[in-house]
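Worksheet for the structure shown next.
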Amino acid sequence: MSTAMTFGQKQFIPTPPDKGSFPLDHDGVCKKSMIKYMNCLFSKDSNNSLCRVEAKDYLACRMEHNLMAKEDWSKLGFKDGDLELSEKSK
């Protein structure tokens, strides 16, 4: 008969992420921009620095539809020049 001894063990208490939850896009409102980003990654051998415009468009879609908290682009790793690139691609 084997019984597990739990004396002295700390209980695991999960903590939420620092920036809150990252809800799934159940309705697919940002699916088009997500697919563009994923296709870019696939075609560029997963070099995400070559897909910054697509990444920015995807994050913008998520922020517009309240699927993530609105953040300054600088906190997400984008510069002012990246904003201009994204606007030209539309």
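Tabulated data for the structure shown
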item	result
Hits in segment 22-35 (condition: of a type in the set (Asp, Glu) and not in a loop (DSSP other than H, G, I, E, B))	none
Residue list for segment 38-66, filter: touching a Lys or Arg at 6+ places or on another chain (Cβ under 9 Å) and in contact (Cβ under 8 Å) with a residue 12 or more places away in the chain	51, 53, 54, 57, 58, 61
Extreme residue, nearest to residue 55 (Cα to Cα), among residues of segment 1-27 that are surrounded by 10 or more Cβ atoms within 10 Å (Cβ to Cβ) and at pLDDT 75 or above	25
Lone unmet requirement of (1) in a helix (DSSP H, G or I); (2) of a type in the set (A, V, I, L, M, F, W, C); (3) under 15 Å from the mean Cα position of the chain (by Cα) for residue 68	(1)
Hits in segment 36-56 (condition: surrounded by 11 or more Cβ atoms within 10 Å (Cβ to Cβ) and either on the phi > 0 side of the Ramachandran plot or not in a helix (DSSP H, G or I) (or both))	44
Meets criteria (modelled with pLDDT of 90 or more and loosely packed, with under 14 Cβ neighbours inside 10 Å) for residue 90	no
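The values are calculated or read from the model by the stated rules, or taken from the named source; none is laboratory data. The shown structure was predicted, so the numbers you read here are calculated from the model rather than taken from an experiment. Here Cβ is always computed from backbone atoms with ideal geometry, including for glycine, and neighbour counts include all displayed protein chains.
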